[in-house]
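S.K.: Below: one structure in structure tokens.
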Amino acid sequence: MSEKWTVTFQVFRKKGGEAAHYDDFKIEVDPNEYVLDGVERVWAFHDRTVVFRHACHHSTCGACGMRVNGVEKLTCITPIRDVTSNGGVVKVEPLRNFPVVSDLAVDMGKFYTQMDDVGHNSVNSDFKEAIQSEFRPAGPESDKQEFMRLSDCIECGLCISACPVSASSPDYLGPAVLAGAQQHGIHGDEHLLRLVDCEDGVWRCHSAFECTAVCPSFVDPGWRIMDLRKQVVGERIKRLFGGSSNKNEAEVAK
Amino acid sequence: MNEKQSLMTRIIVWFDPRWRSISFWGFIVNRITGLGLTLYLFMHLTMLGNLARGQEAYDGFIHFAHNPIFLVGEVLVVSAGIIHALNGIRIGLNSFGIGLRYQKVLYIGLTALAGIICLYFAYRMFTA
């Protein structure tokens with residue numbers, strides 16, 4: 001028989017122009033269940049008007065990102081046991097730095113458009129020299145050859161919610177978008193270079209590294225932003241010395 | 001992305017360390033010391049302005065500045081400068097990919113070094 005805990009889910013509520021408030025729901029849970037299971041139980045048995053986003057339930061779609069007890073979490077892989085104790089509280093709030101649509105659901109439209117704009121692909125080729133972050137895979141060199149793989153970034157937006165610079169600079173591209181640009185690589189792409197080498201681009205980051213701390217997919221956006229800076233500087237130096245590296249112009253010439 | 005929040009609400013996030021990682025503490029410390037040093041610069045220039053008001057005014061201020069509260073203030077300014085500079089070196093190195101994998105260890109190490117230097121300065125200033 002599974003263990004049972006009684007936990008209070010304190011859910012952020014906001015509909016339209018109403019003032020935000022919290023509703024408490026005392027529910028019985030198995031502590032090994034996930035926070036998303038608890039939110040679904042609140043919706044199913046207590047209040048059908050609670051609005052939240054979810055889809056895959058296995059950390060692939062990135063839809064269920066929320067703030068759980070103040071920290072950005074992918075709720076489908078966050079066990080209740082990890083965030084509270086028996087008789088405790090699970091405070092569930094929407095992601096920061098996105099407009100709230102209703103309750104726990106936020107509008108990520110602008111973010112998705114920006115991800116497309118920097119050329120982030122859901123499938124990437126990976127190179128051994130690109131895997132230098134603290135989360136690089138272990139194993140023999142032969143296992144680190146170039147290969148095609150699904151992108152680690154699931155576009156959940158947790159990094160943007162945790163970033164203090166995104167909080168104060170609404171036009172800042174943000175960690176996920178810059179990490180997407182790094183993965184795509186500048187490679188003389190004029191449009192991408194202009195997009196990231198500007199006031200609200202790669203230079204806006206102030207190294208709080210909270211993006212890396214909350215990322216559920218080990219994308220390590222902090223490292224990728226710094227690597228993108230190297231790419232930008234390299235590209236600028238190349239152009240300073242007359243390097244013809246404008247991919248867009250080359251493509252037009254063909 | 002958050003146009004509807006007030007500027008104050010957005011900036012408070014900079015100084016809220018709850019549930020955040022050690023790297024974020026470094027971010028907060030740099031903001032506080034940076035603002036403190038900027039405030040000090042204004043105070044310093046204002047005080048130097050006393051020079052233009054003649055010797056008596058300047059001597060009067062120097063006499064006033066021997067108050068122990070000013071000494072504590074000077075220790076805080078020196079400490080802020082040291083902490084901000086050392087943390088700034090870490091951020092500068094990290095910004096170009098140097099020592100990124102060790103940025104947390106670097107932060108702890110440089111903060112400890114800053115603490116030792118600050119204590120030395122404080123000892124020298126209070127025993128001089």
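Laboratory data are not the source of any read-out in this text; all were calculated from the coordinates shown. Just so we're clear, the structure is a prediction, and the values are computed from it rather than from any experiment. Glycine gets a Cβ as well: all are built from the backbone with ideal geometry, and neighbour counts include every protein chain shown.
S.K.: Return the subset of A:Lys73/A:Lys230; A:Lys14/A:Lys91; A:Lys91/B:Lys104; A:Lys14/A:Lys73 for which the Cα-Cα distance in this structure is over 23 Å, preserving the input order. Each step should come with its number before you reach the end.
M.R.: Details: A:Lys73/A:Lys230 30 Å; A:Lys14/A:Lys91 15 Å; A:Lys91/B:Lys104 29 Å; A:Lys14/A:Lys73 20 Å.
Over 23 Å apart, Cα to Cα: A:Lys73/A:Lys230; A:Lys91/B:Lys104.
S.K.: Further question: Within 10 Å of each residue's Cβ, count the other Cβ atoms and sort B:Met8, A:Met115 from fewest upward. Walk me through the numbers before you get to the answer.
M.R.: Numbers: B:Met8 7, A:Met115 23.
By the 10 Å Cβ count, ascending, the order reads B:Met8, A:Met115.
S.K.: To the nearest 0.05, what FRET efficiency results for A:Ala20 and A:Asp200 with a Förster distance of 30 Å applied to their C-beta separation? Each step should come with its number before you reach the end.
M.R.: Numbers: r = 28 Å, r/R0 = 0.92.
In this case the efficiency is close to 0.60.
S.K.: Using a Gaussian network model of chain A whose springs link C-alpha atoms within less than 10 Å, name the residue from A:Gly188, A:Gly65, A:Gly174 with the highest mean-square fluctuation.
M.R.: Of A:Gly188, A:Gly65, A:Gly174, the most mobile in the Gaussian network model is A:Gly188.
S.K.: Using modelled amide H (1.01 Å from N, peptide plane; none on Pro or chain starts), what sits under 5 Å from the amide H of A:Gly65, excluding residues fewer than 5 places away?
M.R.: Amide H to amide H, under 5 Å and 5 or more residues apart or across chains, A:Gly65 pairs with A:Thr75.
S.K.: Using a/c under 1.5 as the rounded threshold, could you call chain B rounded, prolate or oblate? The axes a ≥ b ≥ c are square roots of the C-alpha gyration tensor eigenvalues, and prolate needs a/b larger than b/c, oblate otherwise.
M.R.: Cα axes put chain B in the oblate bin.
S.K.: Classify segment A:45-105 from the C-alpha gyration tensor, please: rounded if a/c falls under 1.5, else prolate or oblate depending on whether a/b exceeds b/c. Each step should come with its number before you reach the end.
M.R.: On the way: a/c = 1.40, a/b = 1.23, b/c = 1.14.
Since a/c stays below 1.5, the shape of segment A:45-105 is classed as rounded.
S.K.: Next up: In a Gaussian network model over chain B where Cα atoms closer than 10 Å are linked, find which of B:Val105, B:Val77, B:Val13 has the largest mean-square fluctuation.
M.R.: For chain B, modelled as a Gaussian network with Cα springs under 10 Å, the answer is B:Val13.
S.K.: Moving on to the next point. Counting only C-alpha contacts under 8 Å and six or more residues apart, can you give the relative contact order of chain A as a whole percent? Walk me through the numbers on the way to the answer.
M.R.: Working: 443 pairs, mean separation 41.0, N = 254.
Over chain A, the number comes to 16 percent.
S.K.: Apply the Karplus curve 6.51 cos²θ - 1.76 cosθ + 1.60, θ = phi - 60°, to the phi angles in segment A:112-123 and return the couplings in whole Hz, x for Gly and Pro.
M.R.: Result, ordered by residue: 4, 5, 5, 4, 5, 4, 8, x, 5, 10, 6, 10 Hz.
S.K.: Under 10 Å, Cα contacts only: if you run a Gaussian network model on chain B, which one of B:Ala80, B:Ala114, B:Ala57 comes out with the highest mean-square fluctuation?
M.R.: Among B:Ala80, B:Ala114, B:Ala57, the largest GNM mean-square fluctuation belongs to B:Ala57.
S.K.: Whole Å is fine, so just give me how far the alpha carbon centre of segment A:154-227 lies from that of segment B:8-37.
M.R.: 19 Å
S.K.: Under a 5 Å amide H to amide H cut-off, with H placed in plane at 1.01 Å, what residues pair with A:Cys198 once short-range neighbours are removed?
M.R.: A:Trp203
S.K.: By its C-alpha gyration tensor, with a ≥ b ≥ c as the square roots of the eigenvalues, how is the protein assembly as shown shaped: rounded for a/c under 1.5, else prolate for a/b larger than b/c, else oblate? Working shown, then result.
M.R.: On the way: a/c = 1.96, a/b = 1.28, b/c = 1.54.
Taking the square roots of the gyration eigenvalues as a ≥ b ≥ c, the protein assembly as shown is oblate.
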